[in-house]
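What follows is a single structure, written as C-alpha cells, with notes after it.
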Amino acid sequence: MSEQKKSFLIINRCAPYGSSNARDALDVALTVSVFEQPLSLLFLDDGVLQLLPDHNPADIAQKNLSANLAMLEMYDIDQIFVCEKALQQRGLTSESLGLKARTLNATEIADLVRKHDQVLSF
Amino acid sequence: MTLHTLNKTPHESNALQDCLAALSDDDALLLIENGVYCAMPAHAELFTRLPGGVQCYLLQADVQARGLNDLNPEFRGIDYDDFVTLSCRYEKVVSWF
Amino acid sequence: MIFSLVITGAPYSTQCADTALRFARSVLQQGHTLHRVFFYADGVHSGSALAAPPQDEFNIPQAWAELAHEHQLDLVVCIAAAVRRGVLDSNEARRYEKDGHNLASDFTLSGLGQLVEAGIVSDRVVTFGA
C-alpha cells in the first residue's frame, strides 16, 4: 500500500438499478477503503434514492444495493452525507433512510467538496 | 480552489443546479460539450448570484460546433490548452455530468 | 504536474471520449505527465479493437492507441466493467471460453485498484463522464 494519502469524495447523483452508476460508485468506494485512504460519500439529487430501505431486486436480476451499502460499515466507511434539499424535494427525511447519514445544506456541501483532494462523481 | 466542469444543458439534468450549489469563493466554472448551452442569454439569471471571485469559462470548440452566438458575456471562451492550464491553476477538478 | 483521466461515457454515444482525447493531447503537449487513463462503466468500449467507424469519422480506439504509442501511456480498462460488456483480452476470452477477443493492443484490463492508485499518485484526476 502506498505511504501517500489522498482524501477521496465520491458523489452519488443517480437513482439505483436504472443505471449502473450506483454500483459503480460503491465498487470504487470499497476499493478506496482497501487502499486505506480517507473517504467520504455524498448523496445528491436522485442519489439519495439509493438510501431508501427494503430493496428487493430479485425479479430484475440485480444485486441488492442496500445490502451492499450495509457493507460500508464493515469497511469502516462512516463519513456519509446526504443533501438536505434533495431529501426535501423527494418528500424524505434522514429518518426514512436505511443508512445513517448526516444531512448537509448547500454551504456544507461546498465545504465538503473543497476539503477533499480527489472528487469522483457517479 | 476547484475547477468545476459541466457538460449538460440546464434542462438535461440537475447537474447545473448541483454544480452551482457546490461552488465556493474563488472557484472556476467551465462549460464543456452540451454544458455550453447554459451560457445562452435566457439562462443568465442562474449565474447572477455566484460566490465571490468565481471565474466562468466555456470551451470555444463546443460553442462553435453548436453555432451559438451572443452568449452570456460572463463566460470567457477558451481552448483545450487553456482547459489544461486551468486544471493546473486550480487545486482539483470536479466534473458535473 | 501529474494527471490521470477517468472516462465513464461510451464512445460515439457520448462526446466525452473525444473531449478526453483532446484534453490528453494538450496535457502531453504542455509537458505534463499523464500517469494513467482509466476507462470505467460504458467507457470500456473505447478499448475495443473492433470499432469500425466510417472513414470520415474519428476512430477513437485508434486515436488512443496512437497517443499511447507516442507517449507510452498506461491505458487501463476496468476488467469487471469490460468483461460484462464483452470487451475481452485473450486471457479473459480463454477464461470465459469465448471464440474471440477484442481489447485493442495498447490497452490493458485491470481492477479498480488502478483507478484508486491513480488518484493517490496524481496531482489532478479529471473525469469525463456521460
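The values are calculated or read from the model by the stated rules, or taken from the named source; none is laboratory data. Values in this document were obtained by computation on a predicted structure and should not be read as measured data. Reconstructed Cβ throughout: ideal geometry from the backbone, glycine too, with neighbour counts over all protein chains shown. For accessibility, only protein heavy atoms count, side chains too; no ligands or nucleic acids. Shrake-Rupley method; radii C 1.70, N 1.55, O 1.52, S 1.80 Å.
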Seminar exercise, completed: Within the stretch C:1-106, DSSP-loop chymotrypsin sites (Phe, Trp or Tyr not before Pro) with at most 13 other C-beta atoms within 10 Å are C:PHE58, C:TYR96
Problem set entry | Separation of alpha-carbon centers, the stretch A:1-68 and the stretch B:20-35, rounded to whole Å | 24
For this session: Would you work out which of A:GLN88, A:ASN68, A:LEU120 lies farthest towards the positive end of the dipole of the stretch A:8-121? Charges go on Cβ: Lys and Arg +1, Asp and Glu -1.
Result: A:GLN88
Exercise. GNM on chain A, C-alpha springs below 10 Å: top fluctuator among A:VAL32, A:VAL82, A:VAL48?
Worked result: A:VAL32
For this session: Shielding by partners for B:28-34, please: the mean number of other protein chain Cβ atoms within 10 Å of each residue's Cβ.
Result: 2
Exercise. What's the carbon and sulfur percent of chain C's accessible surface, probe 1.4 angstrom, rounded to a whole number?
Worked result: 45
Exercise. Label 7 Å along Cα→Cβ of C:THR33; the stretch C:62-93 residues with amide nitrogen under 16 Å?
Worked result: C:71-75
Problem set entry | Candidates B:ARG76, B:ARG66, B:ARG49, ranked by Gaussian network fluctuation over chain B, Cα under 10 Å, top entry | B:ARG49
Problem set entry | Computed [θ] at 222 nm, helices only, for chain A once each DSSP H run of length n ≥ 4 contributes -39500 (n - 2.57) | -9500 deg cm²/dmol
Exercise. Roughly how many whole Å is it from the C-alpha centroid of the stretch B:43-58 to that of the stretch C:22-54?
Worked result: 31
For this session: May I ask which of A:LYS85/A:LYS115; A:LYS100/B:LYS8; A:LYS85/B:LYS92; A:LYS5/C:LYS98; B:LYS8/C:LYS98; A:LYS6/A:LYS100 have a Cα-Cα span longer than 29 Å here?
Result: A:LYS100/B:LYS8; A:LYS5/C:LYS98; B:LYS8/C:LYS98
Exercise. At a probe radius of 1.4 Å, what is the per-residue accessible area of B:MET1, in Å² to the nearest 10?
Worked result: 80
Exercise. So what is the calculated 222 nm ellipticity per residue for chain B, using -39500 (n - 2.57) for each DSSP H run with n of 4 or more, over all residues, to the nearest 500 deg cm²/dmol?
Worked result: -6500 deg cm²/dmol
For this session: Would you tell me the mean number of C-beta atoms belonging to other protein chains that fall within 10 Å of each C-beta in C:109-122, as a whole number?
Result: 5
For this session: Please give the residues of the stretch C:25-63, grouped as numeric ranges, whose backbone N is less than 19 Å from a label point set 7 Å along the Cα-to-Cβ vector of B:ARG89.
Result: C:26-32
Problem set entry | Size of electric dipole in the stretch C:2-128: Cβ of Lys, Arg +1 and of Asp, Glu -1, about Cα centre, debye, nearest 20 | 280
